[in-house]
Structures are given as C-alpha cells and as structure tokens.
C-alpha cells in the first residue's frame with residue numbers, strides 16, 4: 001500500500017478557502033500539486049470541479065473575457081481547481097473578473113512556473129489572492145507519515161534519489177527510471193516556453209554544469225564561455241530555472257566590502273535526485289567524491305523547505321572572506337545571524353573566528369547525527 005503524505009501546505013490552503021480570494025499554488029511539475037488539489041476537492045464531492053488547463057478544450061472553454069460566459073463554462077460549483085493555469089490566456093484578468101463578480105466561488109489555480117503564471121496574475125490579482133509554494137517532499141512530511149527512524153534509515157537513499165513523491169517509495173531501478181523521465185520529459189517543458197529559450201541542448205548543458213558545481217561558487221562569465229552564450233543570457237536562463245523551482249541561489253553575505261566576497265553566488269538544486277539524474281550518477285555515497293556537496297545541498301534545500309512550510313521569514317546566504325574562510329550557510333532573522341557548516345562526519349575543524357568576530361553569531365555544525373534538530377524533526 002503506497003504511503004500517503006500529508007503535505008504541510010494543505011492545511012494552509014484549507015485555512016484560506018472561501019475568504020473572497022483565489023489561492024495560487026506554485027511548484028515544479030510532479031511534486032504533487034494535482035494530487036493535493038484533488039484531495040481538497042474530495043471534501044466537496046459534487047460541489048467541486050477539476051480542470052486541466054493544458055487541455056485545448058479547457059483553454060477554449062475559458063477563452064472569453066466576459067464574466068457571465070466564464071461562469072457558464074465553469075458551472076455552479078463551490079470550488080474549482082484550474083491546474084497549470086498559466087496555459088489560459090489573460091488568466092489574471094479572468095480570475096480577477098470571476099473573484100469580483102462571484103465572490104462566493106473559490107478558485108485554486110496552480111502553476112509549475114512562477115515566472116510565467118506570476119507575470120500573468122500578480123498585477124490583476126493584487127489583494128485578491130493567497131500565494132503558496134509546494135516543494136518536493138520534506139523530511140518533516142516523511143517523518144509525519146512514518147517516523148524518525150524510517151527517515152534516518154532512508155537518509156542515504158534520499159541523497160541519491162531525492163524527494164519527489166512518486167520516486168521516494170520506489171525500488172532503486174524504478175526510482176532511477178522515474179527520475180530520468182522527470183528530468184527529460186518535464187524539466188524543460190515550461191522552461192522552453194519562454195521567448196528566446198528554444199535550445200534545449202543549451203539548457204541541458206547549463207544544468208549539467210550547475211550540477212557539477214553544487215557547493216562551489218558559480219561564475220556567469222565562465223558558464224557563458226563554456227556554453228557559447230553571453231553572461232546575461234546565462235543569468236536569464238538561471239532566473240527561469242529558479243522561477244521554475246529547479247534550482248535556487250544563495251548570494252554572499254557581505255557587510256564589510258574590504259574583507260568579504262560580495263558578488264559571488266552559489267546555485268543548488270531544489271531536489272538532489274534531479275541533480276544526480278542530470279549527471280547520471282546514482283552511486284552509493286561510499287563510491288562518490290561529491291558526497292559532501294550532496295549533503296550540503298540536501299541540508300540547505302531542506303532548511304529552505306522547513307522555513308517556508310513553517311512560515312519562518314529568514315534571509316539566507318553563504319559567507320566567505322578574502323582569506324578563504326567560509327561558512328556554508330547563514331541565516332539572518334529578527335536581527336540575529338547564525339551560521340551552519342555541513343559535514344557528513346564529525347569533523348570539527350570549522351573556521352569560525354573571522355565570522356563570529358564580524359557578526360557575533362554562533363556557527364553550528366550539522367551532521368547526520370544532529371540534522372533532525374536543524375530540520376526541526378522532533
């Protein structure tokens with residue numbers, strides 16, 4: 001029997017229903033947006049309707065920019081899910097019209113690219129929408145569905161195959177096949193929709209280069225040279241990859257420009273399984289030279305999920321000075337700064353004095369033995 005994961009964002013969505021606003025749910029393809037929305041619809045039985053906006057019939061049905069015609073197509077339901085709503089022309093204007101004209105009708109709109117959908121709904125829906133993000137499974141969601149010991153037992157597997165809901169419970173061979181399908185069939189589907197991004201080989205090569213540089217600083221200039229494109233084009237592509245929830249960036253924390261690196265950036269993957277698929281390396285950690293980088297990417301990605309799911313507002317950075325002293329991950333929240341170093345072993349050789357002298361913040365070592373505290377797993 002498959003594991004049923006209760007997604008943290010589900011409760012937040014339910015709390016915001018029937019408040020006179022649309023609910024906008026972003027997230028990469030295959031992270032479970034459709035499953036989550038259908039589970040919410042199940043509570044409403046015949047009063048709920050699901051529409052897949054990738055279907056031409058739905059796009060045609062929602063083509064008119066008139067409230068009465070839109071409502072005639074949508075029908076007399078209490079709640080409607082518009083899945084992959086970025087495929088509907090003028091979707092922001094149409095949602096605004098529906099909300100203003102029929103305030104008792106609840107709309108949930110999903111999108112696999114905030115770059116695309118947000119650009120279409122952000123201005124028309126100002127003050128008329130709640131916005132949330134669904135990530136791949138989080139460690140906390142896994143623990144809630146099973147227990148801490150189960151997650152600990154699967155920790156190495158997670159570093160190899162990631163946390164896409166479909167992939168997590170599959171045997172290794174099937175997990176590899178599914179990840180490779182996601183990476184090839186879905187990863188580029190939205191990204192290549194944007195003007196000027198028609199070269200899938202360039203996107204794939206860029207992703208592979210980024211996959212080989214996790215935990216290291218990235219140079220847009222060098223990436224551009226390797227790919228035969230400009231630095232600005234590299235930045236544009238990475239912007240879209242970030243807005244499509246494939247990668248995320250950490251910028252350098254630098255308050256002392258004379259001593260600290262200020263313009264550097266690191267790029268990590270939202271899901272480590274996708275990263276491993278891109279370089280076709282699913283080997284056990286004992287056979288890998290990048291095990292430490294995998295651990296760092298996993299810990300930072302999970303912390304970002306935990307912060308988002310628990311509503312913790314933090315600024316996230318990494319830190320390095322010109323003496324090459326570095327802290328993997330830094331959080332700034334409510335006037336306090338904390339640093340974190342990620343090690344697979346109990347290596348205590350963490351250079352923190354320069355950082356603590358500059359910011360008076362503690363630096364914590366995160367290993368597999370204490371990662372549950374870092375991720376608030378209880």
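Pairs under 6 Å by beta carbon, first residue in contact (Cβ under 8 Å) with a residue 12 or more places away in the chain in segment 329-345, partner loosely packed, with under 15 Cβ neighbours inside 10 Å and part of a strand (DSSP E or B), six or more apart or different chains?
Pairs that qualify, where the first residue is in contact (Cβ under 8 Å) with a residue 12 or more places away in the chain and the partner is loosely packed, with under 15 Cβ neighbours inside 10 Å and part of a strand (DSSP E or B), are 332/315.
Run down 267, 261 and say which single residue is surrounded by 14 or more Cβ atoms within 10 Å (Cβ to Cβ), modelled with pLDDT of 95 or more and in contact with a strand residue (DSSP E or B) (Cβ under 6 Å, 6 or more places away or on another chain).
After applying the criteria, what remains is 267.
Pull up segment 218-235, narrow it to residues that are surrounded by 15 or more Cβ atoms within 10 Å (Cβ to Cβ) and out of contact with any strand residue (DSSP E or B) (no Cβ under 6 Å at 6 or more places or on another chain), then point me to the one that is nearest to residue 28 (Cα to Cα).
Checking each candidate, the answer is 234.
Is there a residue in segment 106-121 that is assigned by TED's automatic domain parsing to the domain that holds residue 12, at pLDDT 90 or above and more than 21 Å from the chain's Cα centre (by Cα)?
yes
Here are some residues: 55, 36. Which one is over 17 Å from residue 97 (Cα atoms) and under 24 Å from the mean Cα position of the chain (by Cα)?
Of 55, 36, the one residue that is over 17 Å from residue 97 (Cα atoms) and under 24 Å from the mean Cα position of the chain (by Cα) is 36.
Would you point out which residue out of 183, 211 is under 18 Å from the mean Cα position of the chain (by Cα), at pLDDT 90 or above, outside the structural domain of residue 30 (by TED's automatic domain parsing) and within 26 Å of residue 33 (Cα to Cα)?
On inspection, the qualifying residue turns out to be 211.
Take the conditions closer than 24 Å to residue 103 by Cβ, crowded, with 19+ Cβ neighbours inside 10 Å and outside the structural domain of residue 240 (by TED's automatic domain parsing) and apply them to residue 25. Does it pass?
In short, yes.
Quick check, is residue 226 farther than 24 Å from residue 135 by Cβ and modelled with pLDDT under 90?
Answer is no for this residue.
Given the conditions (1) crowded, with 20+ Cβ neighbours inside 10 Å; (2) at pLDDT 90 or above; (3) in contact with a strand residue (DSSP E or B) (Cβ under 6 Å, 6 or more places away or on another chain), and given that residue 359 satisfies all but one, which numbered condition is not satisfied?
In the conditions (1) crowded, with 20+ Cβ neighbours inside 10 Å; (2) at pLDDT 90 or above; (3) in contact with a strand residue (DSSP E or B) (Cβ under 6 Å, 6 or more places away or on another chain), residue 359 misses (2) alone.
Restricting to segment 11-58, count the residues that are closer than 13 Å to residue 80 by Cβ and part of a loop (DSSP other than H, G, I, E, B).
Number satisfying all stated conditions: 4.
Can you tell me which of 128, 160 is assigned by TED's automatic domain parsing to the domain that holds residue 81 and either closer than 25 Å to residue 312 by Cβ or modelled with pLDDT of 80 or more (or both)?
After ruling out the rest, the residue left standing is 128.
The values are calculated or read from the model by the stated rules, or taken from the named source; none is laboratory data. This is a predicted model, so every value here is computed, not measured. FYI the Cβ positions are ideal-geometry reconstructions off the backbone, even for glycines, and counts take in every protein chain you see.
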